[in-house]
1. What number of residues in region 209-261 are among the hydrophobic types (A, V, I, L, M, F, W, C) and not in a helix (DSSP H, G or I)?
2. Which residue pairs have Cβ atoms closer than 6 Å, lie 6 or more positions apart in sequence or on different chains, and pair a first residue in region 338-360 that is within 15 Å of Ala560 (Cα to Cα) with a second residue that is open to solvent by 10 Å² or more (accessible area, probe 1.4 Å) and basic (Lys, Arg)?
3. For region 179-189, how many residues meet the condition of being open to solvent by 10 Å² or more (accessible area, probe 1.4 Å) and under 15 Å from Ala161 (Cβ atoms)?
4. When both residues are 6+ apart or on different chains and their Cβ atoms are under 6 Å apart, which pairs have a first residue that lies in region 394-413 and is more than 12 Å from Arg383 (Cα to Cα), and a second that is crowded, with 19+ Cβ neighbours inside 10 Å and of a type in the set (Asp, Glu)?
5. I need a count of the residues in region 361-376 that are open to solvent by 30 Å² or more (accessible area, probe 1.4 Å), free of Cβ contacts under 8 Å to residues at least 60 places away in the same chain and part of a helix (DSSP H, G or I).
6. Of the residues Glu156, Glu179, Glu196, which single one is more than 24 Å from Ala374 (Cβ to Cβ), part of a helix (DSSP H, G or I) and acidic (Asp, Glu)?
7. Find the helices (runs of 4 or more DSSP H) located wholly in region 509-575 whose residues include 3 or more that are open to solvent by less than 50 Å² (accessible area, probe 1.4 Å), and list them.
Amino acid sequence: IAVLPSDATLGALRGAGGGEATASPDAAMLADLRRTAGAAIVVQGTIERRGTLWHATLVASTADGSRLQGQSGDASPTIALRTAADRLSAVLGHVPAPSAEAEAVSETLQRARAAMLANEPDTARAILMANPALVRDEPRLRQQLAEVDIRSGRFEAARNALLALVGQTGGRPSAFHAELLAALGTVSVRTGEFAEAGRYANEAIEMHASADDPILTGRLHLMRGVSRISLQDYPGALVDNGIARDAFARAGDIGSVARVDGNIGSLEVLRGHPAQAETYLERAIAQFIELGVIQEQISNLQMLFVARRQQLLNVPAMQTIDRAWDMRDRIVNPDSLLSVRLYRVQALMRVGRYADAAALLEDPANDRRPADPAEAERLRWLRAQLAWHRGKPAEALAILEPVAEDELASADSDVVRTDLVLLRARLEHDQHVLPTRPIELAIDKPGSNGAHPRMPLRALASANRLWTAGQHEEAENLFQRALSLADEIGVAETTASIVVDYTRFLLESGRLPEAGAIASRVALWADQDFDCAMIQLRVAHAQGQRELWQAALERVRRLAGERAVPAGLMAVPPA
């Protein structure tokens, strides 16, 4: 790697520091230093003695603000610095030259892991293959290469390699066998098979219960926690995440501690506590930024986007997903790239940027089959939603036709399925298409998961279908029940969806005072959310309240983006 000579570096530091060489330049000095030196990357280092070891940290900062890190501790300061430099080199996408002090397999694995966390799987693979001792240990090498495949999104290749290795172990309990099961659990999570991931984690935890390996213990409980979150066993998930966090903290693995925080944030989102989720997610993201970890940073930004969107904080939500989108060039897993693209489409449509949303939806990369079936449903839902907003409801209904409506066991997957069911019910009403599917509330069905944050939206879908079928009394009962369920949960986005449809139902029935009362439930969010602003406009126009109508119209125009406001609502209402 070409670097500036030492004397030139000192001169550049003096220039940036106004005549005094400083080892801790601020952001402005770093920018000046980068410009003066013509350097793409500036690396800052620290080394300090703690007890019997020297701890070296090297942080690389780039012009786009990215920060990547390499750390090491050793009794020798020279070895600590060299090892930190080798790990940073791996993170930057280079295969470090072998050195006599760093031939151990454990050091090679740490370098490869650092490269994987920085989304450099090709570098990680090259590092693994360059260690002769690891090449001789064929099972361990195959396991590590499978981990690289997981990071790259090559899930079936990883699964096949791991299952072959499990077969070779003969089911004999060992740390290696437990690691294989943990990796298989990761594949299952990435492909939406959360119950399967839980079974792998259970088997490995029982096998590994008495072993003193905090990193593996943490990984296994983290895996089971992810499975339990998705399957809505929230008490069990909190226990597993607590065990994992404690194990990682004892091992000093701060990156994995951040993963636990991110998981708890996801749990809070799924159980309808978006404001609480923000604290966990922001803390995890800050730690991933500090460590230069890319994929986990993006995943947690996506979940933070959902938490902010659920609170109808549409502008901050857009800014959040843009942060993830800005890192798309660092994403090596095509499924991860599809995921962040679809979340951004959702954000763009929420703020009325339909042309930008369409450009992303028309990307040929979307035509690949995602590993998680829920992502295929999310793609259909977004395409149908865009078609509807662009005045093509029949086309939108056709897009949704192949998808079933059953409630799914995985909360992650059922979030998408529920959105799809509601959109189909709204489209049926828009097109006066009598529902062909049973009109029933899932909470009343045998085997239902009971009341949860998605249930008010499923109730809303059923209410819309009863409205379409002309069963107005039954529809109103269900609108009221949906709103009552939403009040128990307290998610702004859900409440707004119900209020918008229920108010339109009341307006169509000519019940203006009641419509105004229901619409007032979302007046608080009318300054920041288009749908909430539109329902205020509809009510004010129907009631002939000209001052309120004028104020509401101004809000709607400010929030509309490319969304059209019905001509009738822009005409001055009769007094």
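1. The number of residues fulfilling the criteria is 3.
2. Gly352/Arg563
3. Selection size over region 179-189: 2.
4. Val403/Glu377; Glu407/Asp414; Leu408/Asp414
5. The total comes to 4.
6. Numbers: Glu156 fails: more than 24 Å from Ala374 (Cβ to Cβ); Glu196 fails: more than 24 Å from Ala374 (Cβ to Cβ).
Exactly one of Glu156, Glu179, Glu196 is more than 24 Å from Ala374 (Cβ to Cβ), part of a helix (DSSP H, G or I) and acidic (Asp, Glu), namely Glu179.
7. So the answer is 512-519, 530-543, 546-560.
The rows are residues; the columns are (1) more than 31 Å from the chain's Cα centre (by Cα); (2) among the charged types (D, E, K, R).
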| residue | (1), (2) |
| --- | --- |
| Ala533 | no, no |
| Val539 | yes, no |
| Gly544 | yes, no |
| Glu547 | yes, yes |
| Gln550 | yes, no |
| Leu553 | yes, no |
| Arg558 | no, yes |
| Ala564 | no, no |
| Ala567 | yes, no |
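The values are calculated or read from the model by the stated rules, or taken from the named source; none is laboratory data. Values in this document were obtained by computation on a predicted structure and should not be read as measured data. FYI the Cβ positions are ideal-geometry reconstructions off the backbone, even for glycines, and counts take in every protein chain you see. In case anyone asks, the SASA skips ligands and DNA or RNA and just uses the protein heavy atoms, side chains included. Shrake-Rupley method; radii C 1.70, N 1.55, O 1.52, S 1.80 Å.
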